[in-house]
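The values are calculated or read from the model by the stated rules, or taken from the named source; none is laboratory data. None of these values were measured; they are calculated from a predicted model. Because the Cβ atoms are built from the backbone with ideal geometry, glycine has one as well, and the counts that use them run over all protein chains shown. Ligands, DNA and RNA are stripped out before the accessible areas are found, and what is left, the full protein with its side chains, is counted by its heavy atoms. Shrake-Rupley method; radii C 1.70, N 1.55, O 1.52, S 1.80 Å.
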Amino acid sequence: DDTAAEASAASTVIGTLAADGRFQTLIAALDAANLVDTLEAEGPFTVFAPVDAAFAALPEGALDKLVAQLDTNPRGQLLQILLYHVSTGELLSSDFENGLEVQTMQGNTANFVLDDDGNLTLNGATVADQDILAENGVIHAIEAVILPPTE
């Protein structure tokens, strides 16, 4: 149905994540870290979006702790983790190749691995669903929360 595709493409990255239904925890975290407006901006952005199950797989209470830390440190760990899931520019699945390094908005790079069976991972997280298009970028669903390298 072309109308549905056009309707989703007419939405920003945030609107597209919300409409999808698998990214409620990510949206709540982006909101807590004040990144919604950033991702509503012009872009284009490439978002490696952990599905809700990825956040659920974190140690119990970890996300709540990260959200609570924002009160004392708005540029803290949660913001850094979320920015590590976003890069500027539009990176489509056709661009993915084994060993590709992606510069993230967090500052560090994330790396793709494409195995012999065609399975694609980003820093070990399976890339489950590719090329979810939005008007200001593209979303790729991943099955784990990826963490930036620690100093």
Whole-percent carbon and sulfur share, accessible surface of the stretch 10-151, 1.4 Å: 48 percent
Solvent-accessible area per residue, Å², over the chain with all protein chains present [probe radius 1.4 Å]: 52 Å²
Label of the coordinate-derived value, percent of Cα pairs over 26 Å apart, listed as (i) 32; (ii) 47; (iii) 21: (iii)
Neighbourhood net charge (13 Å Cβ-Cβ; Lys/Arg +1, Asp/Glu -1) for G124: -2
Charge context of F112, other residues only, Cβ under 11 angstrom, K/R +1, D/E -1: -4
Amide proton proximity set for G137, modelled H, under 5 Å, gap of 5+: F45
A56 versus D116: modelled label distance in nm, points set 7 Å from Cα along the beta carbon direction: 3.4 nm
Dipole magnitude of the stretch 26-72, debye to nearest 20 (Cβ charges: Lys/Arg +1, Asp/Glu -1, about Cα centre): 180 debye
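List the relative contact order of the stretch 16-65 as a percent without decimals, with contacts defined as Cα pairs under 8 Å and 6+ residues apart.
Working: 24 pairs, mean separation 19.8, N = 50.
Normalised by residue count, the contact order of the stretch 16-65 is 40 percent.
Identify the GluC sites (Glu not before Pro) of the stretch 12-75 meeting these criteria: DSSP loop state and at most 12 other C-beta atoms within 10 Å of the C-beta.
Values: sites: E40, E42, E60; in loops: E42, E60.
Hits after loop and neighbour filter: E42, E60.
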